[in-house]
Structures are given as C-alpha cells and as structure tokens.
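The values are calculated or read from the model by the stated rules, or taken from the named source; none is laboratory data. Being a predicted model, the structure only gives us computed values, none of them experimental. Note: ideal-geometry Cβ built from the backbone for every residue, glycine included; neighbour counts use all protein chains shown.
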C-alpha cells in the first residue's frame, strides 16, 4: 500500500544480549525489510536500491546497492544464507521488481519486472529457497474487476502469476501494506501438496513437501484476510473487525503458528471504539498521533472461522 511508510529497526536479538542496543547500519537510507538467518547472519533492505548484510550478529553491517536499482525501494527481503537472498521492490509498474543473489550480493539477477503500470508489489515470502510468493495491490483484470496480484515460484527463478480468475474480487480502496513485508503468512510442515496454481501434475516441480496454505491481509477501505488452502487454486475471504475505512487503517501484519492458529495486527492513528461482527469490543482513550495496534487471533475450530480479540 502506497500510503503507509514504516521504518523498521534492525533486530538486536541477533547478538543474544539481554538488553537491546543500537547497531550501526553504515547507511543513511531508510531501512524497510530485515531477514535473520542465524544468530550471526542477517540481511536488511531499504531505499535507493540498498541492502545490508551482517556476518557477525550485527557488530558490523555492510551496505551495498543493487546495480541499476538506484531508484528502487526494497520493502522486502528473504534470505537463506550468507550467500543467497531475494529482494522485492515496491513502486508503480516497473518499479516493482524481484532480484536474487547467490554470491552474497556480488551479482544480482533481475528475475521479474511488473509490466502493468498500475501494479505495486507489497510483500515476499518463501517456504524454502525454491518455493516463494509475492503479493501485489489489486489491478483490473480483463473484465475490469480488481484482483490482487499473486505470483508463485517453484524453482526460485521463474515467477508465474496466479490467474486472476481464481482470485476473489478486491474492493475499491483495498490494498496490502508494503511497509513491513509482513502481510503474507505461510507455513512449512513437511506435507506433500498438490501442484501450485498453473503447474501441471507432471511437472517435476509440481509436488513438494511444503504446506499448501497461503494467507495475506489487507487494509485501507476494508480489512480482510485472503486464504488459499491449495497454493492458489481456490480462495476464501474473511472480514475482520480491525478498524478500517481510511488509507492508514486495516491489517498490516499477519502470522500463523499452524494451519489453525494465527494472529493479525492493525495500525491506526487514533481510536475511540472498535467493534466487529463477532464478539469483540474495546474502548480506548482517543489519543491523536498515537499509533495503537489492535491484535486479533484466529481459530478455525470456532463457528464460522472468525477472528477474535
């Protein structure tokens, strides 16, 4: 979502210290994404094509810039080792891209460029180094209906869009927050699943030991959760009682512990009351300029599979 800009801090727990401490990034760029691999290895990403890497738990962060990406805003990063990482940039049309490195940033391969001028990538996530997903804001399909962009890869190289006809229609003013790279939730449980959307069963990449569930959360005029239990073949949409209706409202983050239990968080600038179609009611003193984060949990064992606070 274009309207929310969120600056994230680097994860101080990499150094396994009892108290957080500031780590020097050695860059003046605004940092938007972070991906920690091990206690000592982590990557971060930010504006003007910037990425950072630490190999010593944050004692030293080394910044770099992806060649040809000087105008891009890397909102999301997914890393797998000191050598391998994926970057996603957010911006209108061709400013939304996917990059990959397998040599610690010495070389970067441009894997995908969004050619739709109305496209806008929001978030990237991976089950493993070969299977990943990118979600982008809604764009009109061939019939003029608004549909979120969902791209999948089954080889870590080629990205294929989920056909818009398989996706539920988005609502006017609905989008996904690109600020924190946390609007997608996936799992990895070792289950054998059906082919990803668009892959034939005979494809060698069609069968995998990754969990088939995909969730992504939206905000703006409405705050909803989209869910696919078969890697993009079919979808359901669930309303949430998170405050909604303005560009800066809605669900900005989603996470699942397993396929039954999850959590969403929303961001607003002020709130007086919040109610929803389920048993949820909170009253808070209105404090303009103060960001409050309501958090709701999900339990698919409950009637109607609803979000509760």
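Numbers at a glance
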quantity: Hey, residue 72 assigned to a loop (DSSP other than H, G, I, E, B) and farther than 19 Å from residue 124 by Cα or not; calculated: no
quantity: Restricting the range 80-109 to residues that are within 19 Å of the chain's Cα centre (by Cα) and part of a loop (DSSP other than H, G, I, E, B), the residue that is nearest to residue 123 (Cα to Cα); calculated: 90
quantity: One residue from 67, 63, 138, 161 being touching a strand residue (DSSP E or B) at 6+ places or on another chain (Cβ under 6 Å) and over 28 Å from residue 212 (Cβ atoms); calculated: 63
quantity: Where residue 25 falls short, out of the listed (1) modelled with pLDDT of 95 or more; (2) over 24 Å from residue 136 (Cβ atoms); (3) in a loop (DSSP other than H, G, I, E, B); (4) in contact with a strand residue (DSSP E or B) (Cβ under 9 Å, 6 or more places away or on another chain); calculated: (1)
quantity: Yes/no for residue 119 being in contact with a strand residue (DSSP E or B) (Cβ under 9 Å, 6 or more places away or on another chain), outside any strand (DSSP E or B), surrounded by 16 or more Cβ atoms within 10 Å (Cβ to Cβ) and on the phi > 0 side of the Ramachandran plot; calculated: no
quantity: Residue 44 being under 21 Å from residue 156 (Cα atoms), modelled with pLDDT of 95 or more and over 21 Å from the mean Cα position of the chain (by Cα); calculated: no
quantity: Residue check for residue 67: under 19 Å from residue 46 (Cβ atoms), modelled with pLDDT of 95 or more and not in a strand (DSSP E or B); calculated: yes
quantity: Pairs with Cβ under 6 Å, 6+ apart, first in the range 121-150 and more than 19 Å from residue 225 (Cα to Cα), second part of a loop (DSSP other than H, G, I, E, B); calculated: 127/188; 127/210; 129/80; 129/156; 130/155; 130/156; 131/154; 131/210
quantity: Filter result (part of a loop (DSSP other than H, G, I, E, B) and either closer than 18 Å to residue 76 by Cα or out of contact with any strand residue (DSSP E or B) (no Cβ under 8 Å at 6 or more places or on another chain) (or both)) within the range 141-157; calculated: 142, 143, 144, 145, 155, 156, 157
quantity: Single residue of 247, 211, 203 found to be at pLDDT below 95, over 30 Å from residue 129 (Cα atoms) and assigned to a loop (DSSP other than H, G, I, E, B); calculated: 247
